[in-house]
Amino acid sequence: MVRHFLRDDDLSPQEQLEVLDLAVTMKADRFEHRPLAGPRSVAVVFDKSSTRTRVSFEVGIAELGGTPVILDGTTSQLGRGESIEDTSRVLSRYVDAIVWRTSGQERIEAMASVSRVPVVNALTDMFHPCQVLADLQTIRERFGRLAGLTLTYLGDGANNMAHSLLLGGVTAGLHVRIAAPVGFTPDSDVLRDAKARAEATGGSVTLIADPHAAVAGADVLVADTWVSMGQEDDGMDRTAPFRPYQVNAELLGRAAPGAIVLHCLPAHRGHEITDEVLDGPASVVWDEAENRLHAQKALLTWLLRR
Ligand code: CP
Ligand code: NVA
């Protein structure tokens with residue numbers, strides 16, 4: 001059966017661990033794994049802007065021996081109204097996997113519904129699961145483990161990063177705290193699914209409005225933009241309610257000794273995170289960005305092995 005990666009809990013805890021272990025191998029012997037030689041091809045389609053995702057997939061697919069086919073969704077026929085399903089039927093006759101950054105989660109579900117090849121979510125409005133694989137790899141590098149650590153995400157609790165950290169984090173056995181202002185709390189279905197999975201892994205999910213309480217004793221703090229792609233003109237005040245959730249030295253000082261700070265980037269310095277923290281010793285954001293490459297190579301290798 002073709003496996004897709006549309007949301008973080010598409011991987012079981014055991015499968016997530018297999019991918020994370022493979023990511024360690026990919027990083028250690030960067031140019032020695034060529035499972036896509038042959039060559040096999042991967043379409044990588046963007047309906048939204050990208051720097052990291054685009055370059056890490058293109059470079060990663062090439063390093064695996066495959067051919068990356070990068071497509072701008074808005075200038076493809078998809079952008080002129082060809083249906084997602086018809087696009088999927090055609091692409092999956094040419095390529096061995098489809099990676100897509102788009103808006104609605106239902107769009108990527110439609111792509112997967114008729115695809116003969118694995119479909120990978122490279123960010124939707126709901127989830128950013130490739131990012132969270134890289135985040136987990138980065139956390140594991142620093143602590144040597146994942147299960148039992150406490151991760152606090154601060155900011156827009158209703159965005160793709162919050163949702164993916166919930167599902168992906170509890171899959172790894174993390175205690176995930178979401179610190180968000182009223183009106184910006186996670187989707188209730190995602191919360192329900194995260195709680196159910198946490199019961200199986202020993203992780204947990206907590207919503208905490210007070211940012212000071214949320215970071216107390218946390219091992220990992222995570223920031224993300226207060227204005228995700230597509231929300232620029234949504235009519236909501238995305239500044240004032242978020243100010244108390246800025247990841248700054250004062251909040252970091254309340255976390256556990258040795259706590260680390262993640263941000264998927266791009267950062268809006270002086271908004272969700274200060275220069276002092278982003279450029280300071282607790283920040284692991286550059287390793288985190290690098291790990292996109294290794295984690296995605298591992299994911300593609302794992303999906304195409306099946
Ligand atoms: N973190 C992330 O997905 O970055 P890009 O938007 O640059 O791909
Ligand atoms: N939440 C952000 C993540 C960017 C990588 C967005 O969707 O714009």
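The values are calculated or read from the model by the stated rules, or taken from the named source; none is laboratory data. Values in this document were obtained by computation on a predicted structure and should not be read as measured data. Ideal geometry is used to build each Cβ from the backbone, glycine not excepted, and the neighbour counts take in all protein chains shown.
Among the residues in the stretch 45-52, are any more than 14 Å from ligand 1 (Cβ to nearest atom) and out of contact with any Phe, Trp or Tyr (no Cβ under 9 Å at 6 or more places or on another chain)? Spell out how you get there, then give the answer.
First pass over the stretch 45-52, keeping only residues more than 14 Å from ligand 1 (Cβ to nearest atom): none.
Within the stretch 45-52, not a single residue is more than 14 Å from ligand 1 (Cβ to nearest atom) and out of contact with any Phe, Trp or Tyr (no Cβ under 9 Å at 6 or more places or on another chain).
Answer yes or no: is there a residue in the stretch 9-32 that is part of a helix (DSSP H, G or I), under 15 Å from PRO129 (Cα atoms), within 16 Å of ligand 1 (Cβ to nearest atom) and of a type outside the set (A, V, I, L, M).
The answer is no; no qualifying residue exists.
Quick one: how many residues across the stretch 228-251 are crowded, with 21+ Cβ neighbours inside 10 Å and either more than 16 Å from ligand 2 (Cβ to nearest atom) or at pLDDT below 95 (or both)?
Going through the stretch 228-251 one residue at a time, the tally reaches 1.
Please verify whether the stretch 168-178 includes one or more residues that are within 16 Å of ligand 1 (Cβ to nearest atom), modelled with pLDDT of 95 or more and either assigned to a loop (DSSP other than H, G, I, E, B) or over 22 Å from SER56 (Cα atoms) (or both). Quick ask: steps written out before the conclusion?
Going through the stretch 168-178, the residues within 16 Å of ligand 1 (Cβ to nearest atom) turn out to be 168.
Now drop any that are not modelled with pLDDT of 95 or more, which leaves 168.
Checking which are either assigned to a loop (DSSP other than H, G, I, E, B) or over 22 Å from SER56 (Cα atoms) (or both) leaves us with none.
Among the residues of the stretch 168-178, not one is within 16 Å of ligand 1 (Cβ to nearest atom), modelled with pLDDT of 95 or more and either assigned to a loop (DSSP other than H, G, I, E, B) or over 22 Å from SER56 (Cα atoms) (or both), which makes the answer no.
When residues of the stretch 46-84 are filtered for being in contact (Cβ under 8 Å) with a residue 24 or more places away in the chain, within 16 Å of ligand 2 (Cβ to nearest atom) and among the hydrophobic types (A, V, I, L, M, F, W, C), how many remain?
So the count comes out to 2.
Checking LYS195 against (1) crowded, with 24+ Cβ neighbours inside 10 Å; (2) assigned to a helix (DSSP H, G or I), only one condition comes out false. Which one?
(1)
Whether any residue in the stretch 210-233 is among the charged types (D, E, K, R) and closer than 19 Å to LEU17 by Cα is what I want to check.
no
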